[in-house]
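Heads up: the structure comes next, in structure tokens.
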Amino acid sequence: MNPSERADEAREARASGLTPRALGLGIALVVLVNVAAPYSNYVVHSSLLASDYMPLGALFPFFLVVAVLNTVLKTISPNWALHPGELVVIFMMSLVGASLATYGMAGYLVAVIASPFFFATPENQWADYIHSHIPDWAVPSKSGPAMQWFFDGLPPGERIPWEVWIVPLFWWLSLIAVVVFVAFCIIAILRRQWVEHEKLLFPLVELPLAMVEGADGTQRWPAFMRGRLFWYGFFVPLGLVLWNSIHYFVPFVPQIPLGGWGIDKITSISFAQGFPGFLVNVYPPIIGFSYLMSLDILFSFWFFHVLALIQAGLYARLGYSLGASENYSSEYDASMGWQSMGAFVAMVLWGLWVARHHLRAVGRKAWRGAADPLDDSAELLSYRRAVIGLILGLMYIATWLHALGMTWAVIAVFLPTALIIYLGTSRIVAEGGLAFARGPMVAQTFTAFVLGSTGIPAQSMAGLALSYAGFCEIKNSFMPAFAHCAKLSDVLKGNRRNVGWAVVAAVVVAVCVSVPYTIALGYRHGAYNFDTWIFTYGGSLPFENIVKKMRNPFDVDLGRLTFLGIGGGLYSLLNVLRTRFAWWSLHPIGLTLASSWPIKMAAFSIFLGWLCKWLIVRFGGIQLYRRARPVFLGMILGYFAGAAISNGIDFIWFQGQGHWLYGLY
């Protein structure tokens, strides 16, 4: 091969993004976030670095790569600059890697399987109801002091008893590996439908795409960062955070109300006595991301949240209730969680109906292979492999859950519901652009009330409790990260399937780092001393909830199912109005999450983002919108920079007494 051919091959490799330095940097960022995020959350008690769909732990290090590392490389030699394709691969790996830390997978996995025997007491009666139904291979050994040491801390001179974790982690990680693969197969099947046919906006990836644009050009900074407007947007939130940081050292310095404060410190606006309040919570990054979202979706999110507050208040005045809401469900009455779940299910089913022609074509391609004219060479995975992988993966998951104790009837409800929540959340994030979102409820709650606890055997109830380890709070799941990777892959040249290997590497490294590191931190500091939701309440809550349902059995809950149907009907009606009448601008997507915790915390910031964008577009048109865009991109990066600096201050001076600035868990 002559020098010219070698140069061409090198340029092609850089355009594809799959170069050794890109993969090396990507793996380094994955390791960084999977070490820093657990330490920040569990030990320092500082900002959440990996708790949403555009996490601080992924975006800010990538900003440093673009703004600092690549600038240095360009200064040394323009030929050394990272190509846009390389930067995209680095960011994709970092994003996927961050989706598995703490609240994504590792934290709940470790906490749930460690809890059923340690937190059991004569009062909670776990031993009477579920202990005999827990398979030995699913949890660490209950004999010996291993779990006592994990939650209380390792005694001096003792070593970490890794041997008690090997068997349960092997089986749980095999399940999670298949779930991740199934999620990847689903995104590979739907990529063309979402990206090319429906042209979903993917607002969250606009910022990283803007950061890589022209990275290999002569200019040292991306175009949006070279004007004053960006720096105005950047330094205002950065300055506010730094001012608040002075309060850490000098308590009499007043703090400026800004996102990240505890719920008890947030002002609320009440519509009437007895009505839930509309929280006045200002998150600069949410305002910035909102500017990138469509106006009708923005309006829908905060408008339906206001309606949910009014609905909850009216129910309270009338004395109507289906009971208290379940954990990981509506923030108000249970009826509202089921209403939102009905809308959520209708949204997913409607999306699959819209994609029916594409799905039919995918099925033909998978069946006929090369004989079918449909070209899938540009997909993340061939359609045949994606379909076969999806089918075999679902078979393994179902078999695994059956071995855990679930009957086939329970699996027939639980597994499709979990997939609907994954897929629906991914759709909302891709189309709506929410940085914080989760389904209206978890699959365990849905299954219990749809079948009734009287119709679920005890071993299945125990299996539902244990399943929280792999299917818990569907908020920082990996499927939205895969969906964003599918969109980002449009920037890359060459075979898109090779990108899959970079994503696989990120997943493997993230799991291999985050899970053992979380366990090690538990033994070193005492997991109960983490004082976080995951290791205080989150790990024991599944068993507490399930045993409560077993102690107080109930049949199929027709009241909840009625509200499920009402939510589905309302979504369908709004969707028909939107598709039939051009003047109808109210998007039904807001109905799906109207009463959820993330929307409750972010609604006011979403409203501010909508108001800013509406005023700019109304009086300045598309030109002013484009001119003002750097301000809002700067607002995101400025706040992230401030949160990172605050996190660094906590790491150095406030270990165990950190300051939470980011993350709407």
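Numbers below:
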item	result
Qualifying positions in region 196-250 - more than 27 Å from the chain's Cα centre (by Cα) and assigned to a loop (DSSP other than H, G, I, E, B)	G214, A215, D216, G217, T218, Q219, R220, W221, P222, R226, G227, V250
Which listed residue, of Y39, Y53, is crowded, with 24+ Cβ neighbours inside 10 Å and among the aromatic types (F, W, Y)	Y53
Condition check for I176: in contact with a Cys (Cβ under 9 Å, 6 or more places away or on another chain) and of a type in the set (A, V, I, L, M)	no
Where a residue in region 348-361 is without any contact (Cβ under 8 Å) to a residue 60 or more places away in the chain and its partner, wherever it lies, is small (G, A, S), with Cβ under 9 Å and at least six apart	L349/G568
Within region 452-472, considering residues that are on the phi < 0 side of the Ramachandran plot and out of contact with any helix residue (DSSP H, G or I) (no Cβ under 7 Å at 6 or more places or on another chain), the one surrounded by the most Cβ atoms within 10 Å (Cβ to Cβ)	G455
Extreme residue, nearest to L279 (Cα to Cα), among residues of region 579-614 that are among the aliphatic types (A, V, I, L, M), in contact with a Ser or Thr (Cβ under 9 Å, 6 or more places away or on another chain) and not in a helix (DSSP H, G or I)	A594
Selection count, region 154-170, where residues are surrounded by fewer than 17 Cβ atoms within 10 Å (Cβ to Cβ) and within 30 Å of the chain's Cα centre (by Cα)	4
Residues located in region 542-560, provided they are closer than 23 Å to S467 by Cα and assigned to a helix (DSSP H, G or I)	P542, F543, E544, N545, I546, V547, K548, K549, M550, R551, R560
Condition check for L541: out of contact with any helix residue (DSSP H, G or I) (no Cβ under 7 Å at 6 or more places or on another chain) and surrounded by 17 or more Cβ atoms within 10 Å (Cβ to Cβ)	yes
Total residues in region 340-391, condition in a helix (DSSP H, G or I) and within 13 Å of I189 (Cα to Cα)	21
Filter pass, G565 being in contact (Cβ under 8 Å) with a residue 40 or more places away in the chain, under 27 Å from G463 (Cα atoms) and not β-branched (V, I, T)	no
Any hit, region 316-329, residues being modelled with pLDDT of 90 or more and crowded, with 16+ Cβ neighbours inside 10 Å	no
Sole exception among (1) touching an Asp or Glu at 6+ places or on another chain (Cβ under 9 Å); (2) modelled with pLDDT under 90; (3) not basic (K, R) for V450, by number	(2)
Scan of region 555-581 for residues that are among the basic types (K, R) and either touching a strand residue (DSSP E or B) at 6+ places or on another chain (Cβ under 9 Å) or surrounded by 14 or more Cβ atoms within 10 Å (Cβ to Cβ) (or both), ordered by number	R560, R578
Test: G656 is at pLDDT 90 or above and either in contact with a helix residue (DSSP H, G or I) (Cβ under 9 Å, 6 or more places away or on another chain) or farther than 18 Å from L258 by Cα (or both)	no
Of all residues in region 285-324 being without any contact (Cβ under 8 Å) to a residue 24 or more places away in the chain and among the small types (G, A, S), the one that is farthest from A448 (Cα to Cα)	G319
The lone exception for F449 - which of (1) aromatic (F, W, Y); (2) surrounded by fewer than 20 Cβ atoms within 10 Å (Cβ to Cβ); (3) touching a Lys or Arg at 6+ places or on another chain (Cβ under 6 Å) it fails	(2)
Answer residue from region 615-665, given it is part of a helix (DSSP H, G or I) and hydroxyl-bearing (S, T, Y) and is nearest to N281 (Cα to Cα) among those	Y639
Scope region 127-182; condition touching a residue at least 60 places away in the same chain (Cβ under 8 Å) and either of a type in the set (S, T, N, Q) or farther than 25 Å from F471 by Cα (or both); matching residues	W149, D152, G153, L154, I160, S174
Inter-residue pairs, beta-carbon under 6 Å, first polar (S, T, N, Q) and in region 59-83, second surrounded by fewer than 20 Cβ atoms within 10 Å (Cβ to Cβ), 6+ apart	T71/R220
Filter pass, G337 being assigned to a helix (DSSP H, G or I), closer than 27 Å to R317 by Cβ, in contact with a Pro (Cβ under 6 Å, 6 or more places away or on another chain) and not polar (S, T, N, Q)	yes
Subset of region 3-23 that is assigned to a helix (DSSP H, G or I) and either modelled with pLDDT of 95 or more or of a type in the set (S, T, N, Q) (or both) - its residue that is surrounded by the fewest Cβ atoms within 10 Å (Cβ to Cβ)	S4
Qualifying residue in region 43-52 (condition: charged (D, E, K, R) and over 22 Å from P598 (Cβ atoms))	no
Qualifying residue in region 545-552 (condition: touching a helix residue (DSSP H, G or I) at 6+ places or on another chain (Cβ under 8 Å), surrounded by fewer than 17 Cβ atoms within 10 Å (Cβ to Cβ) and of a type in the set (D, E, K, R))	yes
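The values are calculated or read from the model by the stated rules, or taken from the named source; none is laboratory data. The model shown is predicted, which means the values in this text are computed figures rather than measured ones. Neighbour counts are summed over all protein chains in view; Cβ atoms, including those assigned to glycine, are modelled from backbone coordinates with ideal geometry.
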